[in-house]
Amino acid sequence: MYTERVMDHFNNPRNMGEVEDYNAEGTVGNAKCGDIMRMTMRIEDGVIEDVKFKTFGCGAAVATSSIATEMVKGKTVEEALKLTNSAVVEALEGLPPQKIHCSVLAEEAVRAAIENWRERAGEE
Amino acid sequence: MFVYCDTAATTPLSKPAFEAMLPWLQTGYGNASSIYKMARDARRALEDARRMAASCLEVSHENLYFTSGGTEADNWAVKGAAELGGEARRHIVISAVEHHAVLHTAEYLKKKGHPVTILPVSGDGLLDPDTLRKALRPDTAVVSVIYANNEIGTLQPIAELARAVKETDGKILFHTDAVQAAGHIFVDITPDIDLLSVAAHKFGGPKGIGALYIRRGVKLPPLLHGGGHERGGRSGTENVAGAAGLAAALKFMTENRESFYKKTLASRDRLIDGILSAIPYSRLTGSREHRLPGSASFVFAAVEGESLVLQLDTLGVAASSGSACSSASLDPSHVLLAIGLSHEVAHGSLRLTIDHARTKDEMDFVIQSVKTAVERCRGMSPLWGGGAPLRMSGWE
């Protein structure tokens, strides 16, 4: 059911964990539905210098989180906000139809973290 | 090492079953309903298989009908019994822990206007005969209760439940899905049981063949119409090789039932005890006492079941989960919710089901693999920290 690319990201997740001294944090999903993604980022001068994820969820949830961190790392905040769930699905060479919501969650996690960074910046 | 722990999904074909099937695949391929010798030989093999299977189940061969499997047997039993009830009896009663083959059939009939009652079970997954008794109505047509649950292995007090139904109203038909139980334990087909489903591939037979026991005197209308095979009960060219395989597999299991039971139980108990002691925040689901010998099922805090199954696959263990992720909905299995687990907890389910062929060393390997897989998942989980689950209801 999963592509080799999905299994690769599941078995060798990239950027798993929590960024030390993160200044952006976003958590999306809920345990009731069986998916929670948490992304932490270090954003300097509008560039995502570092990003890591922690995910409670199925194989697709882990793989979409993993690949999403690769896709936004080193990008500007504006570029990262252009990340769409379909780009995530494409990068994974496809997802089963019932797993598309996982890619939406990955997109939302990136947005939530950036939103959190903007809020923090506004408070300073 | 690779250890197969998914016998509730399907089992390998046993040697006696394989050997019994071979003659009817290439040389003895005649249609059992034709009249020449080759066909008569096939017919004889089919009827021998029926006799053998019936004798293992301790029922008359005249009451055993071959089907394409457990799902067809369940569909036939529930839809047929509902139809037999006519206008006066349309009410259907099932337990909350039925297999989808019964649950979705009942839901289909509900859409067609049949009132359906789904009975709650205890935290162990057991249906109380009094709960069943109280749910019966003057218009109840059929009651269907699973003999042994496929996800949590809980064994229902089927004889008692069937008795409760017949004491209340002898005209209500009682069906039980014995797909997980048959071959592995003694299935007691009491006179109160009208209909009982089995599937060959759950006890070392081939896929694509099952049987429905229909008590004498129950005129169940057919599900499949056609050439009038199976004495008009189930049309479709007879699966002679399949029937021979079913019968040989059931005979093999029945002849060795006690020794297989003991071996399976010893491995299963080693597995349950090992996992519960090696992994913190782990729980057995279903009854420890009223349980199939080969069934071990768990929930682990802060872990999602599908991820766990994929991790175990890379480690060399084939297992399954009742987590939501294999289905289109976001709901975990109806069985895990029925025994009172929260959604959060139910997502972390794992089912390990084994047969008599497993060894101690294999069980120790599985315990270690489950421990590693759970640790890997928890290491990735935002719901796990400092050696305990975070923000999870149901684990306080």
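Condition test on B:G232, is it surrounded by fewer than 24 Cβ atoms within 10 Å (Cβ to Cβ), in a loop (DSSP other than H, G, I, E, B) and touching a Pro at 6+ places or on another chain (Cβ under 8 Å)? Spelling it out, B:G232 is indeed surrounded by fewer than 24 Cβ atoms within 10 Å (Cβ to Cβ), in a loop (DSSP other than H, G, I, E, B) and touching a Pro at 6+ places or on another chain (Cβ under 8 Å).
Taking segment A:1-41 as the search range and keeping residues that are in a helix (DSSP H, G or I) and under 14 Å from the mean Cα position of the chain (by Cα), which one is farthest from the other protein chains (Cβ to nearest Cβ)?
Restricting attention to segment A:1-41, the residues satisfying the condition of being in a helix (DSSP H, G or I) are A:4-11, A:31-33.
Now narrow it down to the ones that are under 14 Å from the mean Cα position of the chain (by Cα): A:9-10.
On the way: A:H9: 11, A:F10: 6 Å.
So, considering only residues that are in a helix (DSSP H, G or I) and under 14 Å from the mean Cα position of the chain (by Cα), the one farthest from the other protein chains (Cβ to nearest Cβ) is A:H9.
Checked against (1) touching a Phe, Trp or Tyr at 6+ places or on another chain (Cβ under 8 Å); (2) free of Cβ contacts under 8 Å to residues at least 40 places away in the same chain; (3) under 29 Å from A:Y2 (Cβ atoms), B:L337 passes all but a single condition, namely (1).
Looking for whichever is without any contact (Cβ under 8 Å) to a residue 60 or more places away in the chain and within 11 Å of another protein chain (Cβ to nearest Cβ) here; the options are A:K54, A:K73. Which one fits?
When all the criteria are applied, what remains is A:K54.
Within segment B:129-137, is even one residue at pLDDT 95 or above and under 14 Å from B:H175 (Cα atoms)? Yes, segment B:129-137 contains at least one residue that is at pLDDT 95 or above and under 14 Å from B:H175 (Cα atoms).
In segment B:311-321, the residue that is modelled with the highest pLDDT out of those that are surrounded by 24 or more Cβ atoms within 10 Å (Cβ to Cβ) and within 11 Å of another protein chain (Cβ to nearest Cβ) is B:Q311. Within segment B:30-88, the set of residues being buried (at least 19 other Cβ atoms within 10 Å of the Cβ), acidic (D, E) and not assigned by TED's automatic domain parsing to the domain that holds B:A211 is empty. From (1) more than 13 Å from B:A199 (Cβ to Cβ); (2) among the aliphatic types (A, V, I, L, M); (3) under 21 Å from the mean Cα position of the chain (by Cα), pick out the condition that doesn't hold for B:A53. Result: B:A53 fails condition (1) only. With respect to the conditions (1) among the charged types (D, E, K, R); (2) touching a Phe, Trp or Tyr at 6+ places or on another chain (Cβ under 8 Å); (3) under 24 Å from B:G242 (Cβ atoms), B:K207 falls short on a single one, namely (2). Annotation for segment B:278-297: no member residue is touching a residue at least 60 places away in the same chain (Cβ under 8 Å), within 26 Å of A:K54 (Cβ to Cβ), of a type in the set (V, I, T) and assigned to a strand (DSSP E or B). Take the conditions (1) assigned by TED's automatic domain parsing to the domain that holds B:H104; (2) more than 13 Å from the chain's Cα centre (by Cα); B:F252 misses just one of them, which is (1).
Rundown of residues vs (1) surrounded by fewer than 22 Cβ atoms within 10 Å (Cβ to Cβ); (2) touching a Lys or Arg at 6+ places or on another chain (Cβ under 6 Å), yes/no style:
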site	(1), (2)
A:V6	no, no
A:T27	yes, yes
A:M41	no, no
A:A63	no, no
A:K73	yes, no
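The values are calculated or read from the model by the stated rules, or taken from the named source; none is laboratory data. Keep in mind that this is a model prediction, so the values were computed, not measured. Heads up, the Cβs are rebuilt from the backbone with ideal geometry, glycines too, and the neighbour counts pull from every protein chain shown.
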